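Before any comments, here is the structure.
Here, each number is a calculation from the coordinates, and none is a lab measurement. Model, not experiment: these values are computed from the prediction. Cβ sites come from the backbone with ideal geometry, for glycine too, and all protein chains shown count toward neighbours.
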Amino acid sequence: NAGVTQTPKFQVLKTGQSMTLQCAQDMNHEYMSWYRQDPGMGLRLIHYSVGAGITDQGEVPNGYNVSRSTTEDFPLRLLSAAPSQTSVYFCASSRRQEGGGGNTEAFFGQGTRLTVV
Amino acid sequence: KNQVEQSPQSLIILEGKNCTLQCNYTVSPFSNLRWYKQDTGRGPVSLTIMTFSENTKSNGRYTATLDADTKQSSLHITASQLSDSASYICVVSAYSSASKIIFGSGTRLSIRP
């Protein structure tokens, strides 16, 4: 039972390079999301998806793209890496909660530590 | 503005002692509040969830309380163990939108032998 799998675990990029952070879940969850975690700050939502083919922006979407072609996968693309994108990135998935209450238990991946130089 | 504030930012206690972590929120309309534990280098893991009608909920040595009137929650850890060393994150949800989930910045707890 893998849960949420993120790859890679570590990555160093040069300014201007592009890359894709992979995220896959095997729990058939509708919701998937990407967060970044910076020292002294709470996790901040980058993009999220409520189902295959549907994505939306979170709190800090600039410089990132996402797609959700399948229920299982939710890759995050950095278009042109900048030092300000140095952070730890977490992918999470959760099931849909009836009644719009939100905050069903989120299952997080192990994180990707990204450094942009 | 929807906000979640946690205190203290960091805490050091001796093994075997108890401690209480605080969470104040201004998220509206309130749906529920969840506490997560995040070990160093790992993703957060849910400890407990509190809905509007619940005042207290326990999960082993962890007990969460919620006062919806004052918009405060606490996480009490009893008889701390070295494995309790982690960051504890308070997460509050508002009704109607998957994006309205607000994370606190966490309390970093260190247990010393």
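A few notes on this one:
- Given charges at Cβ of Lys, Arg, Asp, Glu: chain B dipole, positive-most of B:PRO29, B:ASN18, B:PRO8: B:PRO8
- Calculated diffusion of the stretch B:27-113, Stokes-Einstein form, Kirkwood radius summed over Cα pairs, 20 °C and 1.002 mPa s, µm²/s: 158 µm²/s
- Note on chain A: with charges restricted to the Cβ of Lys and Arg (+1) and Asp and Glu (-1), its dipole about the Cα centre is near 400 debye.
- Every Cα-Cα pair in the stretch A:1-68 was counted, and those over 18 Å apart are 46% of them.
- Cysteines (scope chain B) whose Cβ has no counterpart Cys Cβ under 4.7 Å: B:CYS19
- Counting only lysines at least 8 places from B:LYS17 when in the same chain, those with an alpha carbon closer than 21 Å to its own are B:LYS37, B:LYS57.
- Applying 1/(1 + (r/R0)^6) with R0 = 35 Å to the Cβ-Cβ distance of B:THR78 and A:VAL88 gives a FRET efficiency near 0.70.
- Distribution of pairwise C-alpha distances over the protein assembly as shown, 10 Å bins, in %: 8, 33, 35, 20, 4, 0
- Length added when fully stretched, B:ASN59-B:SER10, from 0.36 nm per residue minus Cα-Cα: 15.4 nm
- The translational diffusion coefficient of chain A, from Stokes-Einstein at 25 °C and 0.890 mPa s with a Kirkwood hydrodynamic radius over alpha carbon pairs, comes to 172 µm²/s.
- Taken over the stretch B:12-65, the convex hull of the Cα atoms encloses 116 Å³ per residue.
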